[in-house]
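The values are calculated or read from the model by the stated rules, or taken from the named source; none is laboratory data. Everything numeric in this text was worked out from a predicted model, so none of it was measured. Don't worry about glycine lacking a Cβ; one is built from the backbone with ideal geometry, like all the others, and counts go over all protein chains shown. The protein model used for the area step is the full one, side chains on, heavy atoms only, and it has no ligands, DNA or RNA in it. Shrake-Rupley method; radii C 1.70, N 1.55, O 1.52, S 1.80 Å.
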Amino acid sequence: MEIIKGGETKEYGNSIHGSEELQHGEVTDNSDDLQRHLANRQIQLIAVGGSIGTALFVSIGGALNKAGPAGMFFAYFFYSCLIALVNNCMAEMATYMPVSGGFIRMAGHWVDDALGFATGWNFFFYEALLIPFEITALNTVLGYWRTDIPVAAVCAACIVLYAACNILAVKAYGEAEFWLSGGKVVLILILFAFTFITMVGGNPRHDAYGFRYWHKPGAFATYITTGDLGKFEGFLGALWAANFCVVGPEYISMVSGEAKRPRTYIKNAFKTVYLRFGLFYILGALCVGIVIPYNDPTLVGILQTGAGSGTAAASPYVIAMKNLGIGILPDITNALLVTSIFSAGNTYTYCASRSMYSLAIEGRAPKILRKCTRKGVPIYCFFVTMFFPLLSFLSVSHSSNLVLGWLIALITAGGLINYICMCVTYLSFYRACKVQGIDRGALPYTGYFQPYSAWIGLVGLVCILFCYGYAVFLPGRWSMADFFTSYTMVGVGPILFITWKLIKRTKWKRPHEIDLVWDAPLIDAYEASFVGPPVGFWTEMVQLVGFRRNVTVDKRDV
């Protein structure tokens with residue numbers, strides 16, 4: 001087996017990577033205790049559907065009601081383009097430096113230790129609060145079949161299953177997500193096919209409704225006020241819904257520290273994000289605006305009262321199926337929705353524990369949290385994370401819809417802050433490469449249109465963050481509860497940053513001070529330890545069903 005010895009080096013531009021850690025032919029997965037066991041097919045499916053859950057299938061109905069089909073479509077298109085710019089930044093950084101903790105540790109190493117502290121804790125709370133959100137949403141979806149399902153029992157069952165999936169080796173998590181994410185892809189394809197077939201007349205009513213709802217009741221809805229201002233406010237409402245729905249680069253960044261052949265597999269995963277934005281989010285928003293009107297009585301009833309005669313569990317697609325008199329398919333869709341929502345919560349559990357672990361290994365969380373099992377699972381971080389799903393029991397004494405509203409408001413701004421930190425980190429990384437004479441074209445992946453891509457993404461996201469929650473300041477709409485849920489996360493980030501900066505007296509790093517070598521020698525050695533070429537995604541897929549078994553595979557890829 002070819003191994004990079006202590007004396008060998010690898011060059012990226014003018015930066016020479018040697019390693020004091022790689023002595024006597026020793027090769028390790030990481031500089032920490034996490035292990036690289038996620039295979040190509042698992043990473044690709046996690047990239048495609050690991051974080052897709054409630055927002056794309058259920059919560060998107062609220063965006064339709066606020067903005068109308070055209071307003072929602074433009075909002076999702078605009079926001080997807082912004083996050084594609086962020087993905088362009090993260091792809092370059094994470095492919096070059098696929099470390100545990102991803103963008104969290106990059107912020108600390110390449111910008112300011114205080115930013116790493118603030119980014120890490122913001123992302124931890126963001127992910128941890130998403131877990132009870134998905135559990136609560138699961139209760140809502142199960143209400144489609146019957147309303148007497150014990151809420152507490154569902155919450156407890158989810159917590160136990162999340163624990164089982166995440167307490168084992170990361171390979172077990174990857175395998176679970178591979179199949180669950182595959183189910184999401186199947187569900188999305190079913191819904192797209194349903195939209196096209198029914199809109200051209202393939203439904204029990206033989207009603208070729210096409211784009212009827214774009215004309216009646218209209219392409220744009222008004223929200224808060226009336227007229228053109230109301231339409232713009234509807235667009236803003238849909239934009240914040242898109243912020244909660246459109247995600248991706250942060251999750252690939254987080255798994256990069258446990259991915260096999262990260263320079264190849266992580267790069268390919270980031271490339272699939274652009275396709276996912278176009279097919280799943282933008283096309284998904286278009287389909288939702290086609291199948292039901294924004295003023296559908298069932299949809300309005302669910303959003304306003306949380307009632308809906310037992311259909312509070314239904315997504316806009318399920319409402320459309322029932323409106324058209326289609327049987328069986330709503331049950332299939334709802335069943336796949338259950339697995340999709342469960343999968344999203346599983347991914348959030350994984351990311352929350354890994355984000356806390358990344359904080360611990362950098363000294364930004366208690367040292368005891370660095371403890372890992374022999375399978376590479378940060379066990380104490382996992383236990384801390386599992387306290388947050390207990391918040392889902394709030395839905396036992398409160399309406400699930402009310403709890404969902406609280407959690408969405410708390411979480412939404414946190415996602416924006418994550419992306420803003422990624423753009424800031426990339427700009428610092430870009431300047432460091434330029435000042436230190438490193439040729440970015442020689443890196444494993446080079447982002448397009450940089451640094452303008454990062455600047456456009458940063459400015460756009462900051463503008464959205466400032467507009468978020470503005471409605472609470474309008475005359476007659478002041479509410480302390482709304483103010484708290486809208487701006488809690490916005491205030492927490494700066495407080496964390498300033499507090500850590502004052503305590504540790506950290507400094508904003510200058511371009512020539514930034515360590516661009518970091519773990520690169522270790523990663524280079526790990527990549528070089530593979531004998532054969534990487535196995536393609538489709539080769540792995542057909543091997544699952546018994547074909548192409550004769551393809552030579554490095555045993556470490558299995």
Residue in segment 414-434 that is among the hydrophobic types (A, V, I, L, M, F, W, C), touching a Cys at 6+ places or on another chain (Cβ under 8 Å) and closer than 18 Å to Gly108 by Cβ present: yes
Residue within segment 75-98 that is touching an Asp or Glu at 6+ places or on another chain (Cβ under 7 Å) and at pLDDT 80 or above present: yes
Only listed residue being touching a residue at least 40 places away in the same chain (Cβ under 8 Å), surrounded by 21 or more Cβ atoms within 10 Å (Cβ to Cβ) and within 19 Å of Val186 (Cα to Cα), chosen from Ala344, Ala238: Ala344
Selection within segment 166-188 - open to solvent by 30 Å² or more (accessible area, probe 1.4 Å) and over 22 Å from Phe280 (Cα atoms): Ile167, Leu168, Lys171, Ala172, Glu175
Subset of segment 118-162 [among the basic types (Lys, Arg) and under 22 Å from the mean Cα position of the chain (by Cα)]: none
Failed condition for Thr140, given (1) closer than 23 Å to Leu410 by Cβ; (2) at pLDDT 80 or above; (3) hydroxyl-bearing (Ser, Thr, Tyr): (2)
Single residue of Leu416, Leu465, Leu410 found to be over 17 Å from Pro249 (Cβ atoms), crowded, with 18+ Cβ neighbours inside 10 Å and assigned by the TED database to the domain that holds Pro249: Leu410
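Only one of these is at pLDDT 90 or above and of a type outside the set (A, V, I, L, M): Thr412, Thr425. Name it.
Working: Thr412 fails: at pLDDT 90 or above.
Only one candidate passes the filter, namely Thr425.
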Ala208, sole failed condition from (1) touching a residue at least 60 places away in the same chain (Cβ under 8 Å); (2) touching a Gly at 6+ places or on another chain (Cβ under 9 Å); (3) surrounded by fewer than 17 Cβ atoms within 10 Å (Cβ to Cβ): (1)
Members of segment 359-380 found to be part of a helix (DSSP H, G or I) and closer than 20 Å to Tyr162 by Cα, listed by number: Leu369, Ile379, Tyr380
Some residue of segment 221-234 being open to solvent by less than 20 Å² (accessible area, probe 1.4 Å), in the same structural domain as Ile341 (by the TED database) and either over 18 Å from Leu303 (Cβ atoms) or aliphatic (A, V, I, L, M) (or both): yes
From Ile282, Ile252, residue being farther than 30 Å from Tyr526 by Cβ, surrounded by 17 or more Cβ atoms within 10 Å (Cβ to Cβ), of a type in the set (Val, Ile, Thr) and touching a residue at least 24 places away in the same chain (Cβ under 8 Å): Ile282
